[in-house]
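Asks: Before I ask anything, here is the structure I am working with.
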Amino acid sequence: MRSLMCFGDSNTHGTMPMAELSDIGRYGRDLRWPGLLARALPGWQVIEEGHPGRTTLHDDPVEGPHRNGLRLLPALLESHRPLDLVILKLGTNDLKGRFSVNATDIALSLEKLIAVIRASGCGPEGAAPAVLLVAPPPILEVGCLAEIFEGGAIKSQALGAALARVAVRAGVPLVDAADHIAVSDLDGIHYDAGAHAALAEVLAQAVRQQFA
């Protein structure tokens, strides 16, 4: 059986749209996209590594350095090896005002994570795992998260195109989630259950096509 790791943030974790900052609801495995992906890909072991607040490579001065994806990625690759595939879906939390980065900065950060995956030797027989890059959909500045992501909505509109350029340079397939789903109107960041289902279907198709 082949294995893939879903490396992402709260939308990989399955965090529900939030009415208040204190909300910590999480969809069950049968509703969040990695769990649905596992059901759609019976020949694959799907490993869920979604962490709310995870950034590409920034230590979060408010939520803690453990949110830094670059810090955690090497250990997770080694822990779960051999990995045939890593689905890399990050970038939304980098849009928080506290990080002061633009879409190109975020894309370059994801390009660095791709390089780490390829240099890891954590694929079968010490090879590099394959990478499937996912561009998150644009965000909205609404609800309880609006101030935290102030200025991020306009930046997020350019993220898909910036990641498309990274995908070409790195030679990896890209799924632009904006072509298939949108964020919830409740908090402008997280996905409803229907979006999780749609994303799982699209990613399952991409895995079958690219990694048959």
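Taken together, the values in this text are just the output of simple stated rules run on the coordinates, not laboratory data. Predicted model only: the values in this text are computed from it and were never measured. As a convention, Cβ positions derive from the backbone with ideal geometry for all residues, glycine included, and neighbour counts pool all protein chains shown.
Asks: Classify the stretch 123-212 from the C-alpha gyration tensor, please: rounded if a/c falls under 1.5, else prolate or oblate depending on whether a/b exceeds b/c.
Replies: Working: a/c = 2.52, a/b = 1.73, b/c = 1.46.
Prolate, because a/c is 1.5 or more and a/b exceeds b/c.
Asks: Also, I was wondering about something else. Taking amide H positions as placed 1.01 Å from N in the peptide plane, with prolines and chain starts having none, which residues 5 or more places from Val172, or on another chain, fall under 5 Å of its amide H?
Replies: For Val172, no residues qualify.
Asks: So who's got an amide H within less than 5 Å of the one on Leu90, skipping anything under 5 residues away but keeping other chains? H placed 1.01 Å off N, in plane.
Replies: Residues meeting the criterion, in which the H sits 1.01 Å from N, are Val134.
Asks: Suppose every K and R has +1 on its Cβ and every D and E has -1 on its Cβ; what is the size of the dipole of the chain about the Cα centre, in Debye to the nearest 20? Write out the running numbers ahead of the final one.
Replies: On the way: 18 positive and 24 negative charges, 150 e Å.
Charge dipole, the chain, about its Cα centre: 720 debye, nearest 20.
Asks: Arrange the following residues from fewest to most other Cβ atoms within 10 Å of their Cβ: Lys89, Lys155, Lys96. Working shown, then result.
Replies: Values: Lys89 26, Lys155 20, Lys96 23.
By the 10 Å Cβ count, ascending: Lys155, Lys96, Lys89.
Asks: Of all beta bridges DSSP finds with both residues in the chain, what is the antiparallel percent, to the nearest 5?
Replies: Given both bridge residues lie in the chain, the antiparallel proportion sits at roughly 10 percent.
Asks: What nm distance separates the two modelled labels at His66 and Ala19, each placed 7 Å from Cα along Cα→Cβ?
Replies: Going by the 7 Å Cα→Cβ label model, 2.9 nm.
Asks: To continue, here is another question. Treat each spin label as a single point 7 Å out from the Cα along the C-beta direction, and report the Val116 to Ile154 distance in nm.
Replies: 3.1
Asks: Using helices alone, I'd like the mean residue ellipticity at 222 nm for the chain: each DSSP H run of four-plus residues gives -39500 (n - 2.57), total over residue count, nearest 500.
Replies: Values: 7 runs with 76 residues, N = 212.
So the calculated ellipticity at 222 nm is -11000 deg cm²/dmol.
Asks: Moving to a separate point now. Is the shape of the chain rounded, prolate or oblate, going by the alpha carbon gyration tensor and its root eigenvalues a ≥ b ≥ c, with a/c under 1.5 for rounded and a/b larger than b/c for prolate? Before the final figure, lay out each step's value.
Replies: Working: a/c = 1.57, a/b = 1.31, b/c = 1.20.
Because a/c hits 1.5 or more and a/b exceeds b/c, the chain counts as prolate.
Asks: Same structure again: Given an 8 Å cut-off on Cα distances and at least 6 residues of separation, report the relative contact order of the chain as a percent. Mind dumping the intermediate values first?
Replies: Details: 437 pairs, mean separation 50.5, N = 212.
It comes to 24 percent, rounded to a whole number.
Asks: Sticking with this structure for a sec: Please order Glu125, Glu63, Glu78, Glu49 by the number of other Cβ within 10 Å, starting at the fewest. Mind dumping the intermediate values first?
Replies: Values: Glu125 6, Glu63 15, Glu78 12, Glu49 21.
Listed from fewest to most nearby Cβ atoms, that is Glu125, Glu78, Glu63, Glu49.
Asks: Which net charge results for the neighbourhood of Leu90, defined as the other residues with beta-carbon distances under 9 angstrom from its beta-carbon, given Lys and Arg at +1 and Asp and Glu at -1? Intermediate results must be reported in sequence, preceding the final value.
Replies: On the way: positive: Arg54, Lys89; negative: Asp9, Asp94.
It works out to a net charge of 0.
Asks: Pairs of alpha-carbon atoms within less than 8 angstrom and 6+ residues apart define the contacts here; what relative contact order does the stretch 114-212 have, in percent? List each step's numbers first, then the result.
Replies: On the way: 123 pairs, mean separation 27.4, N = 99.
After rounding, I find 28 percent.
Asks: At 7 Å along the Cα-to-beta-carbon direction for both Asp105 and Arg2, put a label point, then send me their distance in nm to one decimal.
Replies: Spacing of the two 7 Å Cα→Cβ label points: 3.6 nm.
Asks: State the answer as a single residue: which of Gly188, Ala158, Ile117 lies farthest towards the positive end of the charge dipole of the chain, with beta carbon charges of +1 for Lys and Arg and -1 for Asp and Glu, about the Cα centre.
Replies: Most positive-ward Cα: Ile117.
Asks: In addition: Net charge around Met5, counting only other residues with Cβ within less than 12 Å of its Cβ (Lys, Arg = +1; Asp, Glu = -1)?
Replies: Every neighbour counted, the sum reads -1.
Asks: Can you sort Cys144, Cys6 by how many other beta carbons sit within 10 Å, fewest first? If you can, show how the numbers build up before the last one.
Replies: Details: Cys144 17, Cys6 25.
Fewest-to-most Cβ neighbours within 10 Å comes out as Cys144, Cys6.
Asks: Using the beta-carbon distance between Ala127 and Arg165 and R0 = 22 Å, what value does 1/(1 + (r/R0)^6) give for FRET efficiency, to the nearest 0.05? Mind dumping the intermediate values first?
Replies: Working: r = 26 Å, r/R0 = 1.17.
In this case the efficiency is close to 0.30.
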